[in-house]
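A quick write-up on the structure given underneath.
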Amino acid sequence: MAPLTRRDFMMGVLPLLGCTPRARGRTGRLAGPNRVLNVCLCHLDVHVGALERNCAALEAAMRLAAKHGAQWFVTPELALSGYHFDRHIGTDWIAPGPDRYARRLGERAQALGLALVLGHAERVSGRLYNTLFAIDANGRLRGRHHKINTIPVSEDWSSRGRSPNVFELDRTRVGPLICADAWPTNHARTLKQQGAEMLVSCANWARGEHGPGDTWERRSAETDLPLFVCNRTGTDDGLDFRSAQSVLSHRGRRLFSLDAATTTLAMLAWDRSARRLVQVERWALR
């Protein structure tokens, strides 16, 4: 069977999900910018320990996303360093955040008119954290979240965060999670109680025995919130992410999922008023 083309996907698969393809205006953004939010998930092939290489790849991906009308650009967990970075480059490089790499990406995002949700490591008062940074399209830091459910052994370098807190990005109240933070019910529930309108997660979560299973569907059902998950591809010291999935779940259903062997961008047009997915586009980064 021949693989689906983009047109096949747009015209055939999306209607089955209750989604309708939408026409673009001259700016490349969907009509009704206050209503429809274009969220780009960067399903990145992260190279462990290669900070400069990963930063350059993210810059190239942001340029492509902006060209196609993205408004938000979301990265995987630890998108600049890779997951097992400490085995390769140690932890001495980790600086107070946003560090020079995060600032560089924030400045690039600002120049392109993008809001950036970045998974990266940071140092705070001598402690190290696995962090999600939220930087708006004007280059302002709007929020940060420290991963709470850190993984024993693999993330022994990282201190555990405390209770998650909602931040506002483009007039939307966002509940941040990092990977296994979605595993228990309490973090997503706390964000819902704080008034979150959507949940966004950076992830390094491979499929298999210890994979996410239906975690994202369960959290979206319990909170009645859309959950956008930006996962990754590639390999990382024995971990194989080539079948890992980036996902959008809502009301207990997976509306979108993506796995790819190479870096791929997926732009999800989310109708904030109707709370529905209205368009999906994807591009491979070459």
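None of the figures in this text is laboratory data; all of them are computed from the coordinates on show. Keep in mind that what you see is a predicted model, and the values were worked out from it rather than measured. Glycine also receives a Cβ, built like all others from the backbone with ideal geometry; neighbour counts cover every protein chain displayed.
Within the stretch 34-103, the chymotrypsin sites (Phe, Trp or Tyr not before Pro) that combine a DSSP coil assignment with at most 15 other C-beta atoms in a 10 angstrom radius are 93. When P(r) over Cα pairs in 10 Å bins from 0, in percent is calculated for this entry, the matching label among (i) 6, 27, 37, 24, 5, 0, 0; (ii) 7, 30, 36, 18, 6, 1, 0; (iii) 7, 32, 39, 19, 3, 0 is (iii). Close amide H partners of residue 233, meaning residues 5 or more places away or on another chain with modelled amide H under 5 Å apart, are 44, 45, 46.
Database remark: amide H of residue 143 closer than 5 angstrom to the amide H of 134 (H placed geometrically; neighbours at sequence offset of 5 or more, or on other chains; Pro and chain starts carry no H). As a rough guide to protection, the peptides 128-138, 154-164 ranked by mean Cβ packing within 10 Å, highest first, stand as 128-138, 154-164. Karplus-derived 3J(HN,Hα) values for the stretch 132-141, using 6.51 cos²θ - 1.76 cosθ + 1.60 with θ = phi - 60°, are 10, 9, 10, 10, 7, 5, 9, x, 8, 6 Hz; glycine and proline are entered as x. Whole-Hz Karplus values for the stretch 94-107 come out as 5, 10, x, x, x, 7, 5, 6, 5, 5, 4, 5, x, 5 Hz, taken residue by residue from phi with 6.51 cos²θ - 1.76 cosθ + 1.60 and θ = phi - 60°; glycine and proline positions read x. The stretch 215-234 and the stretch 88-157 have Cα centres lying 21 Å from one another.
The loop-placed GluC sites (Glu not before Pro) in the stretch 174-263, going by DSSP, that have at most 13 neighbouring Cβ atoms within 10 Å of their Cβ come out as 209.
Taking amide H positions as modeled 1.01 Å from N, with prolines and chain starts lacking one, the residues under 5 Å from residue 77 and 5 or more places away or on another chain are 203, 204. Between the Cα long axis of helix 51-67 and the first principal axis of the chain there is an angle of about 20°, rounded to the nearest 10.
Relative to the current alpha-carbon distance between residue 276 and residue 162, full extension at 0.36 nm per residue lengthens the span by 37.9 nm.
Each residue, residue 140 and residue 253, gets one label point 7 Å from its Cα in the Cβ direction; the gap between the two is 3.7 nm.
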